[in-house]
């Protein structure tokens, strides 16, 4: 009888620890995603200012400027879904690259203090965003591993805890090797 009681207590402790781990991991994923949302919101706030600065110098480049704003609005509308956001972020990255390439055609714009400051802030935000994305994906990997592992897999389904998607921007240019020319 004592052996049975010890087995039940040990099993109960194992399940309780697995439950607590799943809850902690789910909260970590949510907190990490919140950090990504914060950085993306900062980025989305910077982009219109950057576009307005460029607009003063490149009045006849309306198509490029409109593409950036359209991509920004699309990405901002997908903040709650890592899968949809990853796709729209790829489009936004391409549009911002086009904007920066456009700026290369205007020497006065490249020397503009506001443009340089906004460009620097955007670069800082991109760096922080990359760090946040890595942290989020690490938390997702840990949660997904726990959801698929025994004994937490026994609890995850009934608790409604599912695997979470990674946040990976689908932009082929990000994966290309950097070309250095002298």
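Okay, residues lined up against (1) under 23 Å from residue 53 (Cα atoms); (2) in contact (Cβ under 8 Å) with a residue 60 or more places away in the chain:
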{"site": "87", "(1), (2)": "no, yes"}
{"site": "93", "(1), (2)": "yes, yes"}
{"site": "103", "(1), (2)": "yes, no"}
{"site": "110", "(1), (2)": "yes, no"}
{"site": "119", "(1), (2)": "yes, yes"}
{"site": "125", "(1), (2)": "yes, yes"}
{"site": "132", "(1), (2)": "no, yes"}
{"site": "135", "(1), (2)": "no, yes"}
{"site": "139", "(1), (2)": "no, yes"}
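May I ask you to say which residue of 52, 37 is at negative phi, in a helix (DSSP H, G or I) and touching a residue at least 24 places away in the same chain (Cβ under 8 Å)?
37
Take the range 57-85 and flag every residue that is surrounded by fewer than 20 Cβ atoms within 10 Å (Cβ to Cβ) and touching a residue at least 40 places away in the same chain (Cβ under 8 Å). Walk me through it before giving the result.
First, the residues of the range 57-85 that are surrounded by fewer than 20 Cβ atoms within 10 Å (Cβ to Cβ): 57-64, 66-67, 69-70, 73-74, 76-81, 83-84.
Within the range 57-85, 57, 58, 61, 79, 83 meet the criteria.
Would you mind stating whether residue 49 is in contact with a helix residue (DSSP H, G or I) (Cβ under 7 Å, 6 or more places away or on another chain), farther than 23 Å from residue 33 by Cα and at pLDDT 85 or above?
yes
For the range 82-100, check the following and say yes or no: at least one residue is part of a loop (DSSP other than H, G, I, E, B) and either under 27 Å from residue 164 (Cβ atoms) or touching a strand residue (DSSP E or B) at 6+ places or on another chain (Cβ under 7 Å) (or both). First the steps, then the outcome.
Of the range 82-100, the ones part of a loop (DSSP other than H, G, I, E, B) are none.
No: zero hits.
Restricting the search to the range 121-159, which residues are at pLDDT 90 or above and in a loop (DSSP other than H, G, I, E, B)?
The answer is 149, and nothing else.
Taking the condition surrounded by 19 or more Cβ atoms within 10 Å (Cβ to Cβ), touching a helix residue (DSSP H, G or I) at 6+ places or on another chain (Cβ under 6 Å) and not in a helix (DSSP H, G or I), does residue 168 pass?
Details: surrounded by 19 or more Cβ atoms within 10 Å (Cβ to Cβ): no; touching a helix residue (DSSP H, G or I) at 6+ places or on another chain (Cβ under 6 Å): yes; not in a helix (DSSP H, G or I): yes.
No; evaluated as a whole, the condition is false for this residue.
The values are calculated or read from the model by the stated rules, or taken from the named source; none is laboratory data. Since the structure is predicted, the reported quantities are computational estimates derived from the model, not experimental observations. All Cβ positions, even for glycine, are placed from backbone atoms using ideal geometry, and neighbour counts span all protein chains on display.
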